[in-house]
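The values are calculated or read from the model by the stated rules, or taken from the named source; none is laboratory data. Because the structure is a prediction, the values reported are computed rather than measured. Here the Cβ positions follow ideal geometry from the backbone for every residue, glycine too, while neighbour counts run over all protein chains shown.
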Amino acid sequence: MDTSPRTEQLAAWSLVALQMVLLAGLVWVPGERVWSVTGWPAVTAVVVIAIAAVFAGAAAVRLGSGLTASPLPSSAAQLRTTGAYAYVRHPIYTGLLLGGAAVVLLGGRLTRVWVWLGLLVLLWGKTRLEERKLAARFPGYRDYAARTPRLVPDPRRCLSRRHTGRT
């Protein structure tokens, strides 16, 4: 099924809008507080949020003028395989999911767990669309995808001294 560029853009930006709603829901969806987090677990959650923000922020900076919230690559996009992109193909989404999970933990509401799961499903779908477009645009994308995890870094690769993040 061939879709027009306008239809494709509308679908892509609809996914972005839904993503923003779900991200807001991680903080604002009401529900009964089922658990509370205090002490070192709360501190750990805050640290995880900070790490996730730095990781996603570094990935966003690496994209430069190619950065877009849309799963359709911008005309300025270039294939990035170093920095955070050496560890996962979608580090911004990884940061959103990791930080979002910590926010849910701090919120203590089961309703927000469901919102986070919805975000996971949405971002997984966005990655699939984005990867089809990247593979069509960049000849080396399939090789990069074959050796780099989508969202969850391989701890062995992260700890390897021989891995430089360069391709």
Of 132, 150, the only residue that is of a type in the set (D, E, K, R) and under 23 Å from residue 49 (Cα atoms) is 150
Among the residues in the stretch 92-115, are any farther than 30 Å from residue 36 by Cα and either assigned to a loop (DSSP other than H, G, I, E, B) or modelled with pLDDT of 95 or more (or both)? no
Within the stretch 31-49, how many residues are of a type in the set (S, T, N, Q) and either touching a helix residue (DSSP H, G or I) at 6+ places or on another chain (Cβ under 6 Å) or assigned to a helix (DSSP H, G or I) (or both)? 1
Within the bounds of the stretch 144-164, is there any residue that is of a type in the set (Gly, Ala, Ser), more than 11 Å from the chain's Cα centre (by Cα) and either assigned to a helix (DSSP H, G or I) or modelled with pLDDT of 95 or more (or both)? yes
In the stretch 136-152, what residues are within 11 Å of residue 89 (Cβ to Cβ) and surrounded by 14 or more Cβ atoms within 10 Å (Cβ to Cβ)? 141, 144, 145, 148, 149, 150, 151
Within the stretch 130-143, tally of residues that are assigned to a loop (DSSP other than H, G, I, E, B) and among the hydrophobic types (A, V, I, L, M, F, W, C): 1
Among residues of the stretch 15-72 being closer than 28 Å to residue 3 by Cβ and among the polar types (S, T, N, Q), the residue farthest from the chain's Cα centre (by Cα) is 65
